[in-house]
Amino acid sequence: MADGVPRHIGYIVDGNRRWAKQHGLPTYEGHLAGYNSIIEVVLASIDAGVEVVSAYTFSTENLKRSESEISKIMGLVLKLLTSDIHILQENDIRLRVLGSRERLSKGVLKAIDEAELKTAENKRGTLAVCFNYGGQLEIVDACKKIIQACTPAEEVTPEMIAENLYAPDIPPIDIVVRTSGEQRTSNFMLWRAAYSEFLFLEKPWPDMTKDDVTAILEEYSRRGRRFGG
């Protein structure tokens, strides 16, 4: 990890629908533009030396949206997992998908497993996609695993909970970046963000570019704070 560069950046992808409305476009065009920005931002972040980039793309609460919108979002997720997986392969990036597997189709689950397997040996960086994800649910699911293992209450520790999160190899977040002017976490990686820096940007996610990554890294370096500092 380069000096002054965060090990893990977490992006809360927000503003796709508002971006589409502002441009007089259908909602799907906003999600598509947001998808393209994810690719650019992830590549730029890892090129700059960031080891792990997480992207909060679809929360468990998003399942309340219309069937049409959910279907199109699922299509974009499948695009990443299948026809665009070569982008991660060519850039030596490993894919991890964090979230509940409940209420997902067998086709989506199969695509997730195959994409993770294909990229498992990639070493240059990791893209952690938070999909059908909720931070509170992740902690609840971790506690369920511990209970199912018949662990005595007095033996439960923060380290044990961390070891039972989704994809426990994904480290704590150094800086959380949220776009589109909202200043809240929206249930994103609550455990891993316990000591994170936060940066809130006004621009909607589809307007994010590699230049914004440079500005984010400069801001992180300027703050100069680290876990436990």
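The values are calculated or read from the model by the stated rules, or taken from the named source; none is laboratory data. None of the values given here were measured: they were computed from a predicted structure. For neighbour counting, all protein chains shown are included, and Cβ atoms are generated from backbone atoms with ideal geometry for every residue, glycine included. For accessibility, only protein heavy atoms count, side chains too; no ligands or nucleic acids. Shrake-Rupley method; radii C 1.70, N 1.55, O 1.52, S 1.80 Å.
Each row is one residue, and each column tells you yes or no for (1) on the phi > 0 side of the Ramachandran plot; (2) open to solvent by less than 20 Å² (accessible area, probe 1.4 Å); (3) among the small types (Gly, Ala, Ser); (4) over 16 Å from the mean Cα position of the chain (by Cα).
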| residue | (1), (2), (3), (4) |
| --- | --- |
| 121 | no, no, no, yes |
| 134 | no, yes, yes, no |
| 142 | no, yes, yes, yes |
| 150 | yes, no, no, yes |
| 158 | no, no, no, yes |
| 215 | no, no, yes, yes |
| 222 | no, no, no, yes |
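If only residues of segment 96-119 that are of a type in the set (Lys, Arg) and within 18 Å of the chain's Cα centre (by Cα) are counted, the one that is nearest to residue 35 (Cα to Cα) is 96.
Residues in segment 15-34 that are crowded, with 23+ Cβ neighbours inside 10 Å and either aromatic (Phe, Trp, Tyr) or farther than 17 Å from residue 75 by Cβ (or both): 15, 19.
Quick check on segment 80-89. Is at least one of its residues touching a residue at least 40 places away in the same chain (Cβ under 8 Å) and touching a helix residue (DSSP H, G or I) at 6+ places or on another chain (Cβ under 6 Å)?
no
Looking only at segment 167-181, which residues are in a loop (DSSP other than H, G, I, E, B) and either farther than 22 Å from residue 145 by Cβ or open to solvent by 30 Å² or more (accessible area, probe 1.4 Å) (or both)? Correct list: 168, 169, 172, 174, 179, 180, 181. Among residues of segment 15-30 that are closer than 16 Å to residue 58 by Cα and assigned to a helix (DSSP H, G or I), those with a beta-carbon under 7 Å from a residue that is open to solvent by 60 Å² or more (accessible area, probe 1.4 Å) and of a type outside the set (S, T, N, Q) at least six positions away or on a different chain give the pairs 27/17; 28/72; 30/17.
Within the bounds of segment 140-147, is there any residue that is of a type outside the set (A, V, I, L, M, F, W, C), free of Cβ contacts under 8 Å to residues at least 24 places away in the same chain and over 25 Å from residue 35 (Cα atoms)?
Yes.
Of all residues in segment 42-56, those satisfying the criterion of being part of a helix (DSSP H, G or I) and either in contact with a helix residue (DSSP H, G or I) (Cβ under 8 Å, 6 or more places away or on another chain) or among the acidic types (Asp, Glu) (or both) are 43, 44, 45, 47. Collect the residues in segment 182-195 that are on the phi < 0 side of the Ramachandran plot and either open to solvent by 60 Å² or more (accessible area, probe 1.4 Å) or not small (Gly, Ala, Ser) (or both), keeping them in residue-number order. Once the filter is applied, which keeps residues that are on the phi < 0 side of the Ramachandran plot and either open to solvent by 60 Å² or more (accessible area, probe 1.4 Å) or not small (Gly, Ala, Ser) (or both), segment 182-195 yields 182, 183, 184, 185, 188, 190, 191, 192, 194, 195. Selection of segment 123-132 for residues being in contact (Cβ under 8 Å) with a residue 60 or more places away in the chain and surrounded by fewer than 14 Cβ atoms within 10 Å (Cβ to Cβ) yields only 124. State whether the residues of segment 196-209 include one that is without any contact (Cβ under 8 Å) to a residue 60 or more places away in the chain, open to solvent by 70 Å² or more (accessible area, probe 1.4 Å) and not in a helix (DSSP H, G or I). Yes, segment 196-209 contains at least one residue that is without any contact (Cβ under 8 Å) to a residue 60 or more places away in the chain, open to solvent by 70 Å² or more (accessible area, probe 1.4 Å) and not in a helix (DSSP H, G or I). Residues in segment 52-75 that are surrounded by 20 or more Cβ atoms within 10 Å (Cβ to Cβ) and not small (Gly, Ala, Ser): 52, 53, 56, 57, 58, 73.
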